[in-house]
Amino acid sequence: MQKRKALKGTTLALALSGILTFASSPTYAVLGDQVLKEGMEHPDVQVLQEELKNLGLYNSEKTSTYYDELTAQSVRAFQISKGIEINGIFDLNTHEILMASKGSVPTVKNEVAELNPEVQNKGSNLTFNRELNLKDEGEDVRQLQEALKAMGYLAIDDCTDYFGNQTESALTAFQEDQGLVPDGIAGLRTIEAINKVLSGRGIALPEVSRGSELGSLANNIIVTAKKYLGVRYSYGGSSPNGFDCSGFTSYVYKQHGITLPRATTGQATFGTKVSKADLRTGDLVIFSNTYKSGPSHAGIYIDNGKFIHASSVGSGGVIISDLNSNYYSSHFSYGRRVF
């Protein structure tokens, strides 16, 4: 009887040991199943932090399941090192490149090259930076249309940067054929499925230059900023219920994975300083006033001398102003390139 008890105890100990050993092994296979970004709580975040730590990019002794500002900064550093879109979001493209850098999995682009050497370096796969759906605009919409067209789902002569009903119908048909939820929204799973089909058929999309990617991000930032035109000015406000100047800029950029300091003084030192002549779409613009030294106002440069900002002047609110007007021209300090 004693022997049977001892044997039972040994078996239980071994079983528990096996469970603990198994549980302590990171489940790397799940990493990449969904987009991870700042503010999220998810077990995959801890796996991501460990990966970044192994690369010397996550400088914290402890890891957690919370995607904090340090994680976003570490992802951004990795993206910079790989020459991909710098958004601080762990999306499908960043995941593939992270895995490829470990030698774990080939990227979709490499798979295309292996299947059809003639298309090597002549095309690019889709990257997931945001969900695309009806009425969205941007270069990423054009690339989605190019993919749907190449696969025979979208019958148009020239692709555009507008997500209309025709694009939605084509995407829904693709999703149905792939056994996905036919919601007409280009999410992570749909983009991943599109890339697999493109890879399997040896199809390469028109090349998107680094400049085009940055241009697309800049345009998307402006599209987001314009959604809040007319929102009231509120001192200390940083939400669509009311914005002050730095609350508005930090809120808009954060929607695209760029985390700015909350205060204007902090934003005035973030990124790279640029002159008025070198401003480009999406740059942060900084102003000072005459009654105290230092930065006092911030906005987002649109183009052609226009910028969007939360103003406290008059009735106040989010408005578009002319950078070359007498007031703003005399108070302009410099621009900050934040991506």
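Derivation of every value follows stated rules applied to the coordinates shown; laboratory data play no part. Note that the structure is predicted; figures quoted are calculated from it, not measured. No Cβ is skipped: glycine too gets one built from the backbone with ideal geometry, and neighbour counts run over all protein chains shown.
Relative contact order of the stretch 172-323, please, whole-number percent, based on alpha carbon pairs below 8 angstrom and at least 6 residues apart.
19 percent
Taking the simple approach of a point 7 Å from Cα along Cα-to-Cβ for both Thr63 and Ser81, what is their distance in nm?
In this crude label model, Thr63 to Ser81 measures out at 1.5 nm.
Cβ under 11 Å from Lys149's Cβ, Lys149 left aside: what net charge do those residues give with Lys, Arg +1 and Asp, Glu -1?
-2
Under a point spin-label approximation (7 Å from Cα along Cα-to-Cβ), what is the Val181-Thr272 distance to one decimal in nm?
4.0 nm
Which residues' amide hydrogens lie under 5 Å from the amide hydrogen of Ser296, considering only partners 5 or more residues apart or on another chain, with H built in the peptide plane?
Sorted by chain and number, the residues that satisfy this are Phe287, Ser288, Asn289.
Please list, by residue number, everything in the stretch 217-241 whose backbone N is under 20 Å from a paramagnetic label point 7 Å out along Cα→Cβ of Tyr327.
229-237
Starting from the amide H of Ser311, placed 1.01 Å from N in the peptide plane, find each other amide H under 5 Å away whose residue is 5 or more places distant or on another chain.
Gly317, Val318, Ile319
Hey, can you grab everything whose amide H is under 5 Å from the amide H of Tyr334? Only 5+ residues off in sequence or another chain; H modelled, so Pro and N-termini drop out.
Residues meeting the amide H criterion: Ile286.
Can you work out the Karplus-derived ³J(HN,Hα) for every residue in the stretch 190-198? Use 6.51 cos²θ - 1.76 cosθ + 1.60 with θ = phi - 60°, whole Hz, and x for glycine or proline.
5, 4, 4, 5, 4, 4, 5, 5, 4
What are the extents of the Cα atoms of the stretch 228-337 along their three principal axes, in Å, largest first?
Result for the stretch 228-337: principal-axis Cα extents of 34, 32, 28 Å.
Please list, by residue number, every one of the chymotrypsin sites (Phe, Trp or Tyr not before Pro) in the stretch 269-315 that is coil in DSSP and has at most 10 other beta-carbon atoms within 10 Å.
Taking the stretch 269-315 and a limit of 10 other Cβ atoms within 10 Å, the loop chymotrypsin sites (Phe, Trp or Tyr not before Pro) found are Tyr291.
Using the Karplus curve 6.51 cos²θ - 1.76 cosθ + 1.60 with θ = phi - 60°, what ³J(HN,Hα) values do you get for each residue of the stretch 220-232, in whole Hz, with x for Gly and Pro?
Listing the rounded values in order: 5, 4, 5, 4, 4, 4, 5, 4, 9, 4, x, 4, 5 Hz.
Which of Cys159, Cys245 has the fewest other C-beta atoms within 10 Å, and how do the rest follow up to the most?
Cys159, Cys245
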